[in-house]
Structures are given as C-alpha cells and as structure tokens.
Amino acid sequence: MARCGIAGVSAVALDRFRLREEIEARIQQHRDGERKVAFQALLLPEAPLAVSEERTINFKTMGYEPGWLYEGGFQFKKHYFSPKRGELRETTPNGNLTEEFKCARFPAGG
C-alpha cells in the first residue's frame, strides 16, 4: 500500500473487486506462461521426454482376462486380444451410448 501511495485500508476495501480481478488476471498470466514453457519443452527435440525399452509393454505376451464380457448387440469385426470385448458398456444408465462404446465401434464397425 505504501509503494502505491495508498494511505488507508478503506481505499483498498472500496476497490476490492477490481483488486481481486487484477490479482486473478495476474495469476492466470503466470499459469499461461508456465503452460507454454512446459509445452515447448516437450516439443523440442532435446526435451526430457523419452521412451526406453525397459518401460515398454509387449501386449503379445500379456494375458487378457476381463472381469466381464460385453453383452451388447453390436458385432465387432476385430479385437486385439480376442473376438469378445471385455468390460465394455454400451449404454449409460439413462440409455445414451457411452463414449467408450462409440470409440470402440468407430469408424465402420470396429
């Protein structure tokens, strides 16, 4: 307050909403700047993001035992692990198609 020449708290209290908006805007500027720095770090070739052999997953050697099988009416043409898809809900409790089901049958019948 002294740096800005504000003598009393009453002046700040009267302008508290504008002060709050300014503080929120300044915080958002810092967030946006940090997001941009993080994004650029991952885009550059010398970025620390790397994949190593010991961290990879070989799906061909993995067993797939779903807790339950898909029981809907849609007939899928292919599946990576087996002809029956596991743990896939076709509809939500209110009857809409689930996002996962829409993705599983995209683009032309999965």
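The values are calculated or read from the model by the stated rules, or taken from the named source; none is laboratory data. Since the structure is predicted, the reported quantities are computational estimates derived from the model, not experimental observations. Ideal geometry is used to build each Cβ from the backbone, glycine not excepted, and the neighbour counts take in all protein chains shown. To get the accessible areas, we keep the full protein, side chains included, count just its heavy atoms, and leave off ligands, DNA and RNA. Shrake-Rupley method; radii C 1.70, N 1.55, O 1.52, S 1.80 Å.
Worth a mention:
- Diffusion coefficient (Stokes-Einstein, Kirkwood radius over C-alpha pairs, 10 °C, 1.306 mPa s) for the chain: 77 µm²/s, rounded to a whole number.
- The label-point distance for residue 68 and residue 90, in a model that sets each label 7 Å from Cα toward Cβ, rounds to 1.4 nm.
- Accessible area of the chain divided out per residue, in Å², using a probe of 1.4 angstrom: 91 Å²
- Our coupling estimate for the range 71-78, obtained by passing each phi through the Karplus curve with A = 6.51, B = -1.76, C = 1.60 and θ = phi - 60°, is 10, x, x, 6, 9, 7, 7, 8 Hz, Gly and Pro reported as x.
- 5 angstrom amide H check on residue 86, placed H, neighbours 5+ away: 70
- Each Lys and Arg contributes +1 and each Asp and Glu -1, all at the Cβ; summed about the Cα centre of the chain, the dipole is approximately 200 debye.
- The angle between the Cα long axis of helix 16-43 and the longest principal axis of the Cα atoms of the chain comes to about 50 degrees, rounded to the nearest 10.
- In percent, rounded to a whole number, the relative contact order of the chain is 14, using alpha-carbon pairs under 8 Å and six or more apart.
- Per residue of the chain, the DSSP helices (runs of n ≥ 4 H) give a summed -39500 (n - 2.57) that works out to -12000 deg cm²/dmol at 222 nm.
- Electrostatic tally near residue 99: other residues with Cβ closer than 13 Å to its Cβ, Lys and Arg +1, Asp and Glu -1, net +1.
- Expressed as a whole percent, the accessible surface of the chain that belongs to carbon and sulfur atoms is 56, based on a 1.4 Å probe.
- Within the chain, the longest run free of exposed loop sites, counting trypsin sites (Lys or Arg not before Pro) that sit outside DSSP helix and strand states (H, G, I, E, B) and have at most 11 other Cβ atoms within 10 Å, spans 4-76.
- Straight Cα distances below 20 angstrom link residue 77 to the aspartates and glutamates 65, 87, 90, 99, 100, with same-chain residues fewer than 8 positions distant left out.
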